[in-house]
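Notes to accompany the following structure.
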Amino acid sequence: MNILFVTNYFPTQKDPQAAIFLYWRAKELVEMGHAITVLKWNQDIRDYKQKPYNILDIQNPILNCNIDVFPYHSLDAYRPRFKNKTYQWIKETFDVVHFHWLWSMTVFPTIKQWDIPYVVTCHGSDIYRMGESFNNWALGRWINKIVMKNQMKRLSQAEHAIFVSTDIKGVALEKGATPMHSSVVPNGINALFHPTQKKQTQKVIVGYVGMLAFKKRADKLIEIFHKASKLTHIDQFLVIGEGPLADQMKADALRHELNVQVAFTGKVSVESVASYMQHMTILVLPSRVEGFGCVIKEAQACGVPVVGSSNGGIPEAIGQGGVVVEEGPNFEFRFATAIANQIEQPIDQERIKASVESYDWASTVKQEVDIYTQVISRHDNAAV
């Protein structure tokens, strides 16, 4: 098949790790014999003159698959001739279009009228955050209502809607989506994430990987670390990632006067993330909002159990390979207690191993290819 991805996130020269799970998905498709092209939607005015590129141009050893990426700016949507020319190119070139994140459909709102088969994958933020902006004002609530109605209509009209967790699907249905065909297909795990031989005298390291942002509850992470350090022996806390709360977290680490080192790595390569995970004792993910949590499965693939909140798709992702802490009063203390209990009474490695057995990219992509085949078949039959 000749497949077009439409997404506003994909690896670039400036950010080679942006939505790298889409690259791994695309690479698996290419290795299966399919052709992948990416139409990268840009919104920043500074990106208006962005040129087409090939993933190999980035010259990163991880990004070693021949995939062309074509920029498409939001401003182009207001140029009818350019937009129609793009539609014609898509119709003549590709067997199916795969939108990643529901909001990517806003650049081609009339795609159904062009009789082009397409599917859309909702990754979480495109569903959870919809209808939340500017709700403090009546005008904002009115605009949100219209936006949500239009977006749910687009999702319902898709020939197949894919959700990376059952929780995302449930929230979409609550917000008014009524897809005729839908599936839950989680992301896979790259082979970089695998267990390594650990020494008997392994240090106790509690790690976090992700954006340092409010939705991830990064504002409470140091407090959780502080409480956990009072309950059991911990050698090091490790924070991997960057975000708007980085400075606050570093200040919190000093304020709490932790007698345990908190190491902030900033943003690191995916290879380094895998290496850090292999040396962790526990990964924590106390998010307030989370679609699925790829880091959960990546940590478990390294043999590391996860302590996470009960929000979004986290419980589904953790499965039997960790502990879920229910949202509610005294959350930080209960989360710290769960960390301490897991350190003192670790989950059996066989349970962790079993929790990731079906989460390889080959399985994920096979499910999506089956969906493409169904969509194309229904589309062809309808045209007869």
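The values are calculated or read from the model by the stated rules, or taken from the named source; none is laboratory data. Keep in mind the model is a prediction, meaning the values are calculated, not measured. All Cβ positions, glycine included, derive from the backbone under ideal geometry; neighbour counts span all protein chains shown.
Please go through region 28-71 and give me each residue that is surrounded by 15 or more Cβ atoms within 10 Å (Cβ to Cβ) and in contact (Cβ under 8 Å) with a residue 60 or more places away in the chain, ordered by number.
GLU28, LEU29, HIS34, TRP41, ILE62
Given the structure, is SER74 at pLDDT below 90 and either outside the structural domain of PHE10 (by TED's automatic domain parsing) or within 13 Å of LEU39 (Cβ to Cβ) (or both)?
yes
Which one of ARG129, ARG154 is in contact with a helix residue (DSSP H, G or I) (Cβ under 8 Å, 6 or more places away or on another chain) and at pLDDT below 90?
Among ARG129, ARG154, only ARG154 is in contact with a helix residue (DSSP H, G or I) (Cβ under 8 Å, 6 or more places away or on another chain) and at pLDDT below 90.
Among LEU192, LEU155, LEU212, which is more than 25 Å from GLY319 (Cα to Cα) and either assigned to a loop (DSSP other than H, G, I, E, B) or within 20 Å of the chain's Cα centre (by Cα) (or both)?
LEU155
Considering every residue within region 9-17, establish whether at least one is in contact with a Ser or Thr (Cβ under 7 Å, 6 or more places away or on another chain) and surrounded by 22 or more Cβ atoms within 10 Å (Cβ to Cβ).
no
Could you identify the single residue in ASP247, ASP167 that is in contact (Cβ under 8 Å) with a residue 40 or more places away in the chain and either outside any strand (DSSP E or B) or surrounded by fewer than 17 Cβ atoms within 10 Å (Cβ to Cβ) (or both)?
ASP167
With the requirement that a residue be under 25 Å from TYR23 (Cα atoms) and among the polar types (S, T, N, Q), what does region 161-195 give you?
Those that are under 25 Å from TYR23 (Cα atoms) and among the polar types (S, T, N, Q): SER165, THR166, SER182, SER183, ASN187, ASN190.
Would you pick out the residues in region 348-359 that are assigned to a loop (DSSP other than H, G, I, E, B) and out of contact with any strand residue (DSSP E or B) (no Cβ under 7 Å at 6 or more places or on another chain)?
ASP348, SER355, GLU357, SER358
Please verify whether ARG334 is in contact (Cβ under 8 Å) with a residue 60 or more places away in the chain, surrounded by fewer than 19 Cβ atoms within 10 Å (Cβ to Cβ) and over 21 Å from LYS27 (Cβ atoms), treating the condition exactly as stated.
No: the conditions fail for ARG334.
What residue, among those in region 170-187 that are more than 19 Å from the chain's Cα centre (by Cα) and under 25 Å from ILE116 (Cα atoms), is surrounded by the fewest Cβ atoms within 10 Å (Cβ to Cβ)?
Once the filter is applied, the top-ranked residue is MET180.
Which of the residues belonging to region 218-242 are under 18 Å from ILE296 (Cα atoms) and in contact with an Asp or Glu (Cβ under 9 Å, 6 or more places away or on another chain)?
Listed by number, the list holds a single entry, LEU221.
Show me the strands (runs of 3 or more DSSP E) entirely contained within region 1-86 in which 2 or more residues are over 17 Å from HIS98 (Cβ atoms).
Per the criteria, 68-73.
Answer with yes or no whether GLN320 is surrounded by fewer than 24 Cβ atoms within 10 Å (Cβ to Cβ), over 23 Å from THR121 (Cα atoms), in contact with a helix residue (DSSP H, G or I) (Cβ under 6 Å, 6 or more places away or on another chain) and modelled with pLDDT under 95.
It is true that GLN320 is surrounded by fewer than 24 Cβ atoms within 10 Å (Cβ to Cβ), over 23 Å from THR121 (Cα atoms), in contact with a helix residue (DSSP H, G or I) (Cβ under 6 Å, 6 or more places away or on another chain) and modelled with pLDDT under 95.
From the set of residues in region 262-300 that are in a helix (DSSP H, G or I) and of a type in the set (Asp, Glu), which is surrounded by the most Cβ atoms within 10 Å (Cβ to Cβ)?
This residue is GLU298.
Residue-wise test of (1) modelled with pLDDT under 90; (2) in the same structural domain as GLN374 (by TED's automatic domain parsing); (3) over 21 Å from GLN367 (Cα atoms); (4) touching a strand residue (DSSP E or B) at 6+ places or on another chain (Cβ under 9 Å).
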| position | (1), (2), (3), (4) |
| --- | --- |
| ILE58 | no, yes, yes, no |
| PRO61 | no, yes, yes, no |
| ASP68 | no, yes, yes, yes |
| VAL97 | no, yes, no, yes |
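Taking GLY312, is it in contact (Cβ under 8 Å) with a residue 40 or more places away in the chain, at positive phi and not assigned by TED's automatic domain parsing to the domain that holds THR166?
yes
Could we say that VAL304 is part of a loop (DSSP other than H, G, I, E, B), hydrophobic (A, V, I, L, M, F, W, C), within 19 Å of VAL273 (Cβ to Cβ) and not assigned by TED's automatic domain parsing to the domain that holds VAL120 here?
The answer is yes for VAL304.
When both residues are 6+ apart or on different chains and their Cβ atoms are under 6 Å apart, which pairs have a first residue that lies in region 346-357 and is in contact (Cβ under 8 Å) with a residue 24 or more places away in the chain, and a second that is part of a helix (DSSP H, G or I) and of a type outside the set (Lys, Arg)?
Short answer, once both residue conditions are applied: ILE352/GLN300; SER355/GLN300; VAL356/GLN300; VAL356/ALA301.
Would you call ILE90 touching a residue at least 60 places away in the same chain (Cβ under 8 Å) and of a type in the set (Val, Ile, Thr)?
So ILE90 fits the description; yes.
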